[in-house]
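Enquirer: Got a structure for you, written out below as structure tokens; questions coming shortly.
Only the coordinates and a few stated rules stand behind these numbers; no lab work does. Note that the structure is predicted; figures quoted are calculated from it, not measured. FYI the Cβ positions are ideal-geometry reconstructions off the backbone, even for glycines, and counts take in every protein chain you see.
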Amino acid sequence: MTGMRLIIIGPPGSGKGTISQLFEKDLDFTHFSVGEILREHVQNNDELGHIAQEFINKGELIPDNITINIITTYLRSLEDEKVIIDGFPRNVFQAAFLVENFPIQGIVRVELDDETIIKRLSGRRVCPVCSTSYHITNNPPKHEGVCDNDGHALELRKDDNPEVVKKRLQEYHESQQKLDDIFKTESVPEISLRGDIDIHNKKSILEEINDWLDTLQK
Ligand code: AMP
């Protein structure tokens, strides 16, 4: 099998980015994040960016027709690759769309408790240019406040402020249960990983993931 489609799920700030990096750098997957694509449009100040910004800043989901368009364009162009989809589906409509049009082979579930997440997100800083994510204490850049890759000033995402985070978490927990039910009906295989792994000590987690991927390819 050459192509493979996985989704990565977990509350915002649970460490999906870290786990996705493992898939991208060590396991040859293309990581595709709907939120990141939307933030790029906001950064480019284009028409879609203007629409998306309002929803993103409030921590609300943007309209389905927009995300469905984005996901269709990207997944069509990545049909023969190993792809890990981040941030989609977020509701029942999007899940049904995925099952119908772009079936997935597996689910990577990232777990972390809400209290830890709120602490983590308030210390998160993101490069507005290359989207690399840092943490002021857990994963600081080499020089305070600037991106290691391109030297740009790091920013706190507007939707990482604690009030918006609480709202995003509540929304996540409410909708995730319904999505889990859909994927259970479809018997999609799943792996559960903690999101606060030490990225420098990744050997055992990579073994665990590889063993799981082998079972999917049989
Ligand atoms: P994320 O980076 O995944 O936390 O997404 C940031 C923001 O982008 C979300 O709070 C939503 O406003 C928007 N967004 C990302 N993915 C979706 C999606 N599948 N459907 C609707 N809005 C989304």
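Enquirer: Show that you can apply the helix-only estimate: for the chain, add -39,500 (n - 2.57) for every DSSP H stretch of four or more residues, divide by all residues, and state [θ] at 222 nm to the nearest 500.
Expert: Only helices count here, giving -15500 deg cm²/dmol.
Enquirer: Oh, and also: Quick one: dipole size for region 1-115, taken about the Cα centre, charges +1 on Lys/Arg Cβ and -1 on Asp/Glu Cβ, in debye to the nearest 20.
Expert: Rounded to the nearest 20 debye, it is 180 debye.
Enquirer: Which entries in the list 82/178; 119/166; 119/158; 178/202; 58/82 go over 22 Å, if you measure between the two C-alpha atoms of each?
Expert: Distance filter (> 22 Å) returns 82/178; 178/202; 58/82.
Enquirer: Can you sort 203, 25, 82 by how many other beta carbons sit within 10 Å, fewest first?
Expert: The order, fewest Cβ neighbours first, is 203, 25, 82.
Enquirer: Rounded to two decimal places and with Rh computed the Kirkwood way over Cα pairs, what is Rg over Rh for region 41-151?
Expert: The Rg/Rh ratio comes out at 1.00.
Enquirer: In terms of the ratio Rg/(2.2 N^0.38 Å) built on C-alpha atoms, what value belongs to region 177-218?
Expert: 1.45
Enquirer: I would also like to ask the following. Rounded to whole Hz and in sequence order, give me ³J(HN,Hα) for region 149-163 from the Karplus expression 6.51 cos²θ - 1.76 cosθ + 1.60, θ = phi - 60°, writing x for Gly and Pro.
Expert: 7, 9, x, 6, 5, 7, 10, 8, 5, 4, 7, 9, 6, x, 5
Enquirer: Starting from 0 in steps of 5 Å, tell me what percent of the Cα-Cα pairs of region 119-218 lands in each bin.
Expert: 2, 10, 14, 14, 15, 17, 16, 9, 3, 0
Enquirer: Using the alpha-carbon centroid of each, what span in Å lies between region 1-37 and region 148-185?
Expert: Here the answer is 14 Å between Cα centres.
Enquirer: Hey, another quick one. With label points built 7 Å along Cα→Cβ from the Cα atoms of residue 204 and residue 92, find their separation and express it in nm.
Expert: Rounded to a tenth, the inter-label distance reads 4.1 nm.
Enquirer: Quick one: of 167/203; 16/167; 25/142, which pairs are farther than 25 Å apart, Cα to Cα?
Expert: 167/203
Enquirer: OK, next. For the chain, what is the Kirkwood estimate of the hydrodynamic radius, computed as the reciprocal of the mean inverse distance between distinct Cα atoms, to one decimal in Å?
Expert: One over the average 1/r among Cα pairs gives 18.0 Å for the chain.
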